[in-house]
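Trainee: Handing you a structure now.
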Amino acid sequence: MAKNQQLEVLNALDVAKTQWYHFTAIIIAGMGFFTDAYDLFSISLVTKLLGRLYYTQPNPTHPGSLPINVSAAVNGVALCGTLAGQLFFGWLGDKLGRKKVYGLTLVMMVGASLACGLSFGSSAKSVMTTLCFFRFWLGFGIGGDYPLSATIMSEYANKKTRGAFIAAVFAMQGVGILVSGVVSLIVSAAFENKFKPPSFEEDAIRSLTPEADYIWRVILMFGAFPAGMTYYYRMQMPETARYTALVAQNAKQAAADMSRVLQTDINAEEAKLAIMMNDKKKQFGLFSKEFARIYGVRLIGTTTTWFLLDIAFYSQNLFQKDIFTSIGWIPSASKMSAIREVYKVARAQTLIALCGTVPGYWFTVAFIDIIGRWIIQVVGFLMMTIFMFAIAFPYDYWSQREHRIGFIIMYGLTFFFANFGPNATTFVVPAEVFPARLRSTCHGISAAAGKAGAIVGAFGFVYASQEKDPAKRDPGYPAGIGKKNSLIVLGVINFIGMLFTFLVPEAKGLSLEEAANETTEDQEETNVEENISSV
């Protein structure tokens, strides 16, 4: 599609001033990501409570904890569902349309989130089995929200502020992480005030009040409600003009939909669309040689960077409670009641989210269309590497009680530069650099690669981070390489992610058709070379 062939409806979207419908789309799509993050990360706040509730032995000598296989399943099964959902719904969004699939993913998220809190049975096996079952389907729905939200927002936005709008949707993930901590604080504080349980050392039996079983259920279920309230508004959004025109090939409907949204008259240009669609060279599929030649390198770039980022990001998020315990910021389990432990873990996560995680997301929103996606991603990976090494190599120093505030600051900075960096940009870029007919699919593939990295982090780090000293390991866990060496490995992974960023093109200031190399008939190379020459 030559540049002068761009449809009027697409040009109108590209040059449109920021309007109320942009913010409406951000809120509608963003609330899905709020639930995504809330549900994926809230589980780390209650796993220790689950261990106490269902795996404390009669006449206990130490607080109960989840067996290693159960802990890995509870933490990782939603990620497995997410990976499957990203691939399936990403493909479905290109086949049936973004809007038709969008409501289904939300229904799945809300329903499965509520079901997680209703996990039934009286034995540990039945409760954990049903919890894992519902969390898989929760993840499946969450997976669909990744490619669909990113694609919808990219296709609604103008080219001047498109990066900020997509990043703002993703920034709701930070709000979800923060709210999961706040809700856990409120719920655990309320139960502690009501029942006033002693620590495990003072009274092992009374430290675990039966009513604590309600705590994790309330926490897991809460995330369903904000997203559920947006269902009606999701269903009222019109299909994106780029899907309607370029994929469904209905220029008249696309013009009518966007005329209502932009409140201006737009010509349908059905004859021009028919000419454009007759260009067979632009109709190749995902598994064609043409796709591999034109988009293969950038797909490798978007998948590898997201994969490497999520190994580090999810390892840090899901197991930060263990790191805080090891440096003494959270007391040992025997010195707390079960409810108090939830409060302490939630307080730590909330502080990190408030000071590092959430600001990082919104820094990306503010600067992504000024300095570009590529620079933010490279610098983010680099700073994550630096701070991870700064924590890891002198880990014994940071483990001393008097230095723990410094550790928290350094640890928080790794989250800041993850979110003012690759955690945001890996979500944004795949929604911009692939053609409309394959955009949702390619974003889903990129996101699924990320979740594969998250699974490596979730399942691998729980083993790898175990200390060689049996006294410092969780009961039943084999010796790993320890937290210090695990952090070093994560630092190396971040550095490799920075190198693979050189395969990712820059889309700042370009229309989606320009970013996807569809503006001229002879432009078939990526702009990877520009990234390399700019360094």
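The values are calculated or read from the model by the stated rules, or taken from the named source; none is laboratory data. All figures in this text were calculated on a predicted structure; none of them were measured in a lab. Glycine also receives a Cβ, built like all others from the backbone with ideal geometry; neighbour counts cover every protein chain displayed. Note: accessible area is taken over every heavy atom of the protein model, side chains too, but ligands, DNA and RNA are not part of it. Shrake-Rupley method; radii C 1.70, N 1.55, O 1.52, S 1.80 Å.
Trainee: Looking at region 170-181, can you tell me whether even one residue there is modelled with pLDDT of 90 or more, closer than 19 Å to Val433 by Cα and surrounded by 24 or more Cβ atoms within 10 Å (Cβ to Cβ)?
Mentor: yes
Trainee: Only residues that are open to solvent by 80 Å² or more (accessible area, probe 1.4 Å) and closer than 20 Å to Ala224 by Cα: list them for region 120-139, please.
Mentor: Phe120, Phe133, Trp137, listed by residue number.
Trainee: Sort out which residues of region 211-263 are part of a loop (DSSP other than H, G, I, E, B), in contact with a helix residue (DSSP H, G or I) (Cβ under 7 Å, 6 or more places away or on another chain) and over 29 Å from Phe195 (Cα atoms), and write them in order of number. Steps first, please.
Mentor: Initial filter on region 211-263 (part of a loop (DSSP other than H, G, I, E, B)): 223, 229-230, 237-240, 248-250, 263.
After this cut, where a residue has to be in contact with a helix residue (DSSP H, G or I) (Cβ under 7 Å, 6 or more places away or on another chain) as well, the list is 223, 230, 237-240, 249-250.
Correct list: Thr230, Met237, Pro238, Glu239, Thr240, Gln249, Asn250.
Trainee: Here is a further query. Which numbered condition in (1) within 20 Å of the chain's Cα centre (by Cα); (2) among the aromatic types (Phe, Trp, Tyr); (3) open to solvent by 30 Å² or more (accessible area, probe 1.4 Å) is the only one that Phe33 fails?
Mentor: If we test Phe33 against (1) within 20 Å of the chain's Cα centre (by Cα); (2) among the aromatic types (Phe, Trp, Tyr); (3) open to solvent by 30 Å² or more (accessible area, probe 1.4 Å), just (3) comes out false.
Trainee: I've got another one for you. When the residues of region 215-239 are narrowed to those that are buried (at least 24 other Cβ atoms within 10 Å of the Cβ) and at pLDDT below 90, which ends up farthest from Asp39 (Cα to Cα)?
Mentor: Ala227
Residues checked against (1) open to solvent by 20 Å² or more (accessible area, probe 1.4 Å); (2) at pLDDT 90 or above:
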site: Pro435; (1), (2): no, yes
site: Gln466; (1), (2): no, no
site: Leu499; (1), (2): yes, yes
site: Glu514; (1), (2): yes, yes
site: Thr520; (1), (2): yes, no
site: Glu524; (1), (2): yes, no
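Trainee: Just give me the residues in region 182-203 being outside any helix (DSSP H, G or I) and touching a residue at least 40 places away in the same chain (Cβ under 8 Å), in sequence order.
Mentor: Residues of region 182-203 outside any helix (DSSP H, G or I): 196-203.
The answer is Pro197, Pro198, Ser199, Phe200, Glu201.
Trainee: Moving to a separate point now. How many of the residues making up region 59-90 are within 15 Å of the chain's Cα centre (by Cα), of a type in the set (Ser, Thr, Tyr) and surrounded by fewer than 22 Cβ atoms within 10 Å (Cβ to Cβ)?
Mentor: The qualifying residues number 0.
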